[in-house]
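The values are calculated or read from the model by the stated rules, or taken from the named source; none is laboratory data. Here the structure is a predicted model, which is why all the values come from computation and not from measurement. FYI the Cβ positions are ideal-geometry reconstructions off the backbone, even for glycines, and counts take in every protein chain you see.
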Amino acid sequence: MTQSNGEGRSVDVVIVGAGFGGMYMLHHLRQLGFAAKVLERGDGVGGTWYWNRYPGARCDVESLFYSYSFDEQLEQEWSWSEKYSPQPEILTYANHVADRFDLRRDIEFETAVDRAVWDDAAAVWRIHTSKGETISAQHYVMASGCLSHSKLPEIKGVHSFRGPTYHTGHWPHEGVDFTGLRVGVIGTGSSGIQSIPLIAQQAAHVTVFQRTPNFSMPAGNRLLTEAEVSSMKADYRAQRQAAKESGFGVPVELPTKSALEVTEEERNAKYEQGWSEGNLVALLLAFTDVITDKAANDTAAEFIRNKIRSIVKDPQTAEDLCPFDHPVGTKRPCLDTGYYETFNRQNVRLVNLRRTPLTEITPSGVCTSEETFEFDAIVFATGFDAMTGALVNVDIEGRDGITLKDKWKDGTRTYLGLMVHGFPNFYTITGPASPSVFSNMMVSIEQHVELIGTILSHLRNNHKSAIEATKEAEDFWVEHNNEAGAATLYPLANSWYMGSNVPGKPRVLMPYIGGVGVYRQECDEIVADNFRGFTMRDARTPAMA
Ligand code: NA7
């Protein structure tokens, strides 16, 4: 029940973020009979898909799998139009879900959380909002997204450019017209790779500043046929189950052979199949050892480098676009539409920052160690303080006055990527050390939401006021997450998975690579084993044991 006790409002649960995590959390809690409020800093729902409106923004999980599975009618009434959904269609879907389940009446827009403090005596969170209000809540759920705290490049003069600048993660809602302009784009991750081809079609000239080349493959995006959509709708239950049991949250045939035990022809035929299907997972799972064995990985990497060399006409540009410094898959691989071909255009130039580093942004453009560039607009496709940025950006104070930021200063520590020792009744949807960004986010979001629902119902049914992960359970999970990562090639890359894109951030493989099926099973066993690794306290016990 929502109540006001004269000191501010009180609800059962405060949820931060009205993206896909927060929206389903709200709906699910309502179904379970809890009173929840969502606080959202934007003025609409959709999270990632609300903010990332840059040209070409598109999901690279196939749309038939990138949707909610919790409501069969919703599944049947909604039809995706393309193989990979463009951002506007996903945002329309998010709005459709908000309307269909009447979610907006419990979402407060343009409201951020600045600070949250656990009151141990009362066993509630006091949540301070940007509107100057303090809301009390027994439970506090951060559904703030893994890629929502954007970052600018750490370059001298970054705010000094006098023309317009745009960050891909905060794109203007009305769009941007680059016609006739000289544009500089900094960054060649997924956002740069998706947007550069479209910016180049419009602008007079585009200069792309690349620090690290990425592996990308053509998405092969196209309209879905009615037959494809209806056949999926007829088979949704089985497909969803397969997604839940899979490694990355998308059903895929598992490989049986090592890349090193087959002939070169057989190997390349398999890679060619993944490449022509435009399927990231198919390429990474073409063989058993692509993401675990460097020599096996090298064969996939060289296959993609040869594709780049065959597409890009200028040999030096082609070589500059070829990644050599990380195994394929260990930085987020990308799907594109005409990315490499874009460098054959007369109005596009690639600047290799490994050869000539960026030195400064000036009022009129960008300087490298060798050249000065004049621009009319600059696009920062420079990414996010991933996984932890949105969490530690709120001043979250747990039991005994420890803050989350302090607790994680040497690396993230969580139990299951869901709860943190010292922070009772605090939950992170798709938090660090859960499969999160190593999966179809929809699958991982739904699993976490339902797990939180199970925990809250258990507490209510057993007259408990609080739950907390034990230190031992958290230590175990940190170790387990690290061991899973160490068995792969991921730690070899300087990636945002490792926190390496943010100066000073501890170098830890944050997402859990054990697979969504395995992870779900681990969570289910923990619940079945009387919530192993958690302590709970009675509603009447004054403080956590
Ligand atoms: P990413 O993937 O983090 O890409 C950011 C890009 O910006 C990447 O190429 C960076 O180079 C580059 N960057 C960042 N800082 C600098 C500086 N200081 N100088 C030069 N270049 C810089 O972010 P995206 O938004 O593209 O994608 C995020 C995720 O969204 C994506 O992986 C999908 O999951 C969806 P670097 O590689 O660090 O050398």
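Candidates 400, 320, 376: the one that is charged (D, E, K, R), more than 10 Å from the ligand (Cβ to nearest atom), surrounded by 15 or more Cβ atoms within 10 Å (Cβ to Cβ) and more than 28 Å from residue 275 (Cβ to Cβ) is 376.
Take the range 207-249 and flag every residue that is small (Gly, Ala, Ser) and more than 16 Å from the ligand (Cβ to nearest atom).
Initial filter on the range 207-249 (small (Gly, Ala, Ser)): 216, 219-220, 227, 230-231, 234, 238, 242-243, 246-247, 249.
If the condition is that a residue be small (Gly, Ala, Ser) and more than 16 Å from the ligand (Cβ to nearest atom), then 220, 227, 230, 231, 234, 238, 242, 243, 246, 247 are the ones that fit.
Within the range 142-170, residues that are at positive phi sit with their Cβ atoms under 8 Å from residues that are more than 9 Å from the ligand (Cβ to nearest atom) and not in a loop (DSSP other than H, G, I, E, B), at 6+ positions apart or across chains, in these pairs: 145/21; 145/390; 157/360; 157/361.
Restricting attention to the range 513-540, the residues that are in a loop (DSSP other than H, G, I, E, B), at pLDDT 95 or above and away from the ligand (no atom under 16 Å from the Cβ) total 7.
The set of residues in the range 481-496 that are in contact with a Gly (Cβ under 9 Å, 6 or more places away or on another chain), under 17 Å from residue 388 (Cα atoms) and within 16 Å of the ligand (Cβ to nearest atom) contains only 496. Within the range 26-52, the only residue that satisfies the criterion of being farther than 24 Å from residue 394 by Cβ and in a loop (DSSP other than H, G, I, E, B) is 33.
Does residue 508 satisfy the condition of being surrounded by fewer than 19 Cβ atoms within 10 Å (Cβ to Cβ), more than 16 Å from the ligand (Cβ to nearest atom), hydrophobic (A, V, I, L, M, F, W, C) and in the same structural domain as residue 411 (by TED's automatic domain parsing)? Judged against the criteria, residue 508 is not a match. Just one of the listed residues (341, 277) is modelled with pLDDT of 95 or more and not hydroxyl-bearing (Ser, Thr, Tyr), namely 341. Suppose we keep only residues that are touching a His at 6+ places or on another chain (Cβ under 6 Å) and of a type in the set (A, V, I, L, M, F, W, C) within the range 468-505. Which one would you say is surrounded by the fewest Cβ atoms within 10 Å (Cβ to Cβ)? Residue satisfying both the conditions and the ranking: 493. The strands (runs of 3 or more DSSP E) falling completely within the range 347-447 include none with 1 or more residues that are within 26 Å of residue 532 (Cβ to Cβ) and assigned by TED's automatic domain parsing to the domain that holds residue 245.
Scanning the range 515-537 for residues that are over 30 Å from residue 465 (Cβ atoms) and surrounded by fewer than 21 Cβ atoms within 10 Å (Cβ to Cβ) yields a count of 3.
When you look at residue 63, is it crowded, with 21+ Cβ neighbours inside 10 Å and in contact (Cβ under 8 Å) with a residue 12 or more places away in the chain, yes or no? So residue 63 passes the test.
Results for (1) part of a loop (DSSP other than H, G, I, E, B); (2) crowded, with 17+ Cβ neighbours inside 10 Å; (3) not assigned by TED's automatic domain parsing to the domain that holds residue 515, shown as yes or no for each residue.
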site	(1), (2), (3)
265	no, no, yes
275	no, yes, yes
290	yes, yes, yes
340	no, yes, yes
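When we screen 355, 413 for residues that are in contact with a helix residue (DSSP H, G or I) (Cβ under 9 Å, 6 or more places away or on another chain), within 14 Å of the ligand (Cβ to nearest atom) and of a type outside the set (A, V, I, L, M, F, W, C), the only hit is 355.
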